Amino acid sequence: MRDLRSAADTCVMTQREYDRYIVEFPATFAGDGEGVGIVYNLGLGGCKIVTDSSLAVGAMLAIYLKIPEQTFAITIRMATVRWTMQYEFGVEFLGMEELERDRLGQFLQGFDTAAA
């Protein structure tokens, strides 16, 4: 008889370390791929970007978040693509200067948490 508990354990999704927030603003990215897109789901640990650029899982990028009412983009100096779909991809932020992290955290205050 098959062990159902071990099968169920393999189906459990990994919980995100940070909340995600519903946003909508432009971003550019460069590295193993480059392009422009719209950020729709953002947290301190990563984001979802909708774009017509094709990227592979594992691609390494620098991302420039062009947040409304900010003079300068928030720079994520190192991120990796964790998943892709036809016109969107998700990244995990791996490297960010403390000042940039603080700017991002201040921007995210007051947003509703995303469902996804």
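The values are calculated or read from the model by the stated rules, or taken from the named source; none is laboratory data. Bear in mind the structure is a predicted one, so any value in this text is a computation, not a measurement. Every residue, glycine as well, gets a Cβ built from its backbone with ideal geometry; the counts of neighbours run over all protein chains shown.
Annotations for the structure displayed:
- I38 vs. criteria surrounded by fewer than 17 Cβ atoms within 10 Å (Cβ to Cβ), closer than 19 Å to E92 by Cβ, at pLDDT 80 or above and touching a strand residue (DSSP E or B) at 6+ places or on another chain (Cβ under 6 Å): yes
- When region 72-106 is limited to residues that are out of contact with any helix residue (DSSP H, G or I) (no Cβ under 6 Å at 6 or more places or on another chain), hydroxyl-bearing (S, T, Y) and part of a strand (DSSP E or B), the one that is nearest to Y18 (Cα to Cα) turns out to be T80.
- Set M78, M85: member being under 15 Å from the mean Cα position of the chain (by Cα) and surrounded by fewer than 12 Cβ atoms within 10 Å (Cβ to Cβ): M85
- Residue within region 59-66 that is surrounded by 14 or more Cβ atoms within 10 Å (Cβ to Cβ), part of a loop (DSSP other than H, G, I, E, B) and touching a Pro at 6+ places or on another chain (Cβ under 9 Å) present: yes
- Looking only at residues of region 59-78 that are among the polar types (S, T, N, Q) and touching a residue at least 24 places away in the same chain (Cβ under 8 Å), we find that the one that is farthest from G95 (Cα to Cα) is Q70.
- Hey, E69 charged (D, E, K, R) and either over 20 Å from E24 (Cβ atoms) or assigned to a strand (DSSP E or B) (or both) or not: no
- Scanning region 28-58 for residues that are part of a loop (DSSP other than H, G, I, E, B), free of Cβ contacts under 8 Å to residues at least 60 places away in the same chain and touching a Leu at 6+ places or on another chain (Cβ under 7 Å) gives D32, G33.
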